[in-house]
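Asks: Encoded as structure tokens, here's the structure I'll be asking about.
The values are calculated or read from the model by the stated rules, or taken from the named source; none is laboratory data. Keep in mind it's a predicted model, so treat the numbers as computed, not measured. Methodologically, a virtual Cβ is constructed for each residue, glycine included, from the backbone with ideal geometry; neighbour enumeration extends over all protein chains shown.
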Amino acid sequence: MCNNCDYTIHGRQHHFGWDNSFVPAERVAPGSTIEFQCLDSSGGQLQADSTVADVARLDFATVN
């Protein structure tokens, strides 16, 4: 966790994939400190108590 971050990229600021046409979540100055609050690759669809059945129900349109 970053105590004195200049910027935070929140979990809601995400893209499903990599493409240079996506608008940047933030533009930062060199030397800035950034905290990333990252989602897992399922886009938050799986939790610690998820089961195999939950994997079968994944929405792959939101899987990265």
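Asks: Is there a residue being part of a helix (DSSP H, G or I) and touching a residue at least 40 places away in the same chain (Cβ under 8 Å) anywhere in segment 52-62?
Replies: Kept after step one, since they are part of a helix (DSSP H, G or I), are these residues of segment 52-62: 52-56, 60-62.
Retained after the next criterion (residues that are touching a residue at least 40 places away in the same chain (Cβ under 8 Å)): 61-62.
Within segment 52-62 (the criterion being part of a helix (DSSP H, G or I) and touching a residue at least 40 places away in the same chain (Cβ under 8 Å)), the answer is yes, since at least one residue qualifies.
Asks: List pairs: first residue in segment 6-28 and at negative phi and in a loop (DSSP other than H, G, I, E, B), second residue exposed (fewer than 12 other Cβ atoms within 10 Å of the Cβ) and aromatic (Phe, Trp, Tyr) anywhere in the structure, Cβ distance under 6 angstrom, at least six positions apart or on different chains.
Replies: Every condition considered, the pairs that remain are 15/22.
Asks: Is it the case that residue 41 is polar (S, T, N, Q), out of contact with any Pro (no Cβ under 7 Å at 6 or more places or on another chain) and modelled with pLDDT under 85? Spell out how you get there, then give the answer.
Replies: Values: polar (S, T, N, Q): yes; out of contact with any Pro (no Cβ under 7 Å at 6 or more places or on another chain): yes; modelled with pLDDT under 85: yes.
Yes, satisfied.
Asks: Additional query: Scanning segment 1-41 for residues that are acidic (Asp, Glu) and either in contact with a Phe, Trp or Tyr (Cβ under 6 Å, 6 or more places away or on another chain) or loosely packed, with under 10 Cβ neighbours inside 10 Å (or both), which turns out nearest to residue 61 (Cα to Cα)?
Replies: Of segment 1-41, the ones acidic (Asp, Glu) are 6, 19, 26, 35, 40.
From what is left, the residues that are either in contact with a Phe, Trp or Tyr (Cβ under 6 Å, 6 or more places away or on another chain) or loosely packed, with under 10 Cβ neighbours inside 10 Å (or both) are 19, 26.
Numbers: 19: 16, 26: 24 Å.
Among residues in segment 1-41 that are acidic (Asp, Glu) and either in contact with a Phe, Trp or Tyr (Cβ under 6 Å, 6 or more places away or on another chain) or loosely packed, with under 10 Cβ neighbours inside 10 Å (or both), the one nearest to residue 61 (Cα to Cα) is 19.
Asks: Could you check segment 11-64 and list, in sequence order, the residues that are of a type in the set (A, V, I, L, M) and within 27 Å of residue 1 (Cα to Cα)? Steps first, answer last, please.
Replies: Taking segment 11-64 as the starting set, the residues that turn out to be of a type in the set (A, V, I, L, M) are 23, 25, 28-29, 34, 39, 46, 48, 52-53, 55-56, 58, 61, 63.
23, 25, 28, 29, 34, 39, 46, 48, 63 - these are the residues of segment 11-64 that are of a type in the set (A, V, I, L, M) and within 27 Å of residue 1 (Cα to Cα).
Asks: Here are the criteria: (1) at pLDDT 90 or above; (2) surrounded by fewer than 13 Cβ atoms within 10 Å (Cβ to Cβ). Tell me which single one residue 58 does not satisfy.
Replies: For residue 58, the failing item is (2).
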